[in-house]
Amino acid sequence: MIRQELIALLEPTVSGIGYELIDIDLEVGGRGLLRLFIDSPDGVSLDDCTKVSNQVSALLDVEDPIPGHYMLEVSSPGLNRILRTADHFRQFTGKRVKVRMERAVDGRKRFIGQLLGLDEEQVLVEMADREYRLPIEDIKRARLAPER
């Protein structure tokens, strides 16, 4: 199953118990790993991760969407939180972000700058006093990039 299909399968279960599925990482083969990143308005505790893990594990046992063996891990999004949806980009307007593109925009595939918001289907990022319009469907990976 591809990543988007897994998100579509898991999202209703995760949101149904009161959490937001931020993103997933999937590593197949060998010692496979399925990692879920969750959040809630009150933050995420170890008990929250355990609760989501138990529910998702039961769903995965029934649906069996991933071939072979894998470990399930549930985690908070952390400081370098992944931005995947239009709502994520709206929510974190004004924050520093790091964006990697599938296709180059103005000759670049990597952007680190201030998230200015979302204009229709484009993410607006200011970098070196220049505004870039990044088509959301071409974003390979975006995450918060707090100053160190």
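The values are calculated or read from the model by the stated rules, or taken from the named source; none is laboratory data. Note that this is a predicted model, so its numbers are computed, not measured. Heads up, the Cβs are rebuilt from the backbone with ideal geometry, glycines too, and the neighbour counts pull from every protein chain shown.
Yes or no, residue by residue, for (1) in contact with a Lys or Arg (Cβ under 8 Å, 6 or more places away or on another chain); (2) closer than 17 Å to I7 by Cα; (3) among the polar types (S, T, N, Q); (4) at pLDDT 95 or above:
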| position | (1), (2), (3), (4) |
| --- | --- |
| E63 | no, yes, no, no |
| E73 | yes, yes, no, yes |
| N80 | yes, no, yes, no |
| K98 | yes, no, no, yes |
| R108 | no, no, no, yes |
| L115 | yes, no, no, yes |
| R130 | no, no, no, yes |
| A142 | yes, yes, no, yes |
| E147 | yes, no, no, no |
Open item on the list: Kindly evaluate G107 against the criterion of being surrounded by fewer than 14 Cβ atoms within 10 Å (Cβ to Cβ) and assigned by TED's automatic domain parsing to the domain that holds S53.
Closed with: no
Open item on the list: Being in a loop (DSSP other than H, G, I, E, B), charged (D, E, K, R), out of contact with any Cys (no Cβ under 6 Å at 6 or more places or on another chain) and outside the structural domain of L134 (by TED's automatic domain parsing) narrows it down to one residue among D42, D61, D23; which is it?
Closed with: D42
Open item on the list: If I ask for residues that are within 20 Å of the chain's Cα centre (by Cα) and among the β-branched types (V, I, T), which ones from the range 49-79 would you list?
Closed with: T50, V52, V56, I66, V74
Task: Pairs where the first residue, in the range 19-42, is over 13 Å from P77 (Cβ atoms) and the second is of a type in the set (G, A, S), C-beta under 6 Å, 6+ apart - done: G32/G68
Task: Qualifying residue in the range 124-137 (condition: surrounded by fewer than 13 Cβ atoms within 10 Å (Cβ to Cβ), assigned to a helix (DSSP H, G or I) and either out of contact with any His (no Cβ under 8 Å at 6 or more places or on another chain) or not aliphatic (A, V, I, L, M) (or both)) - done: yes
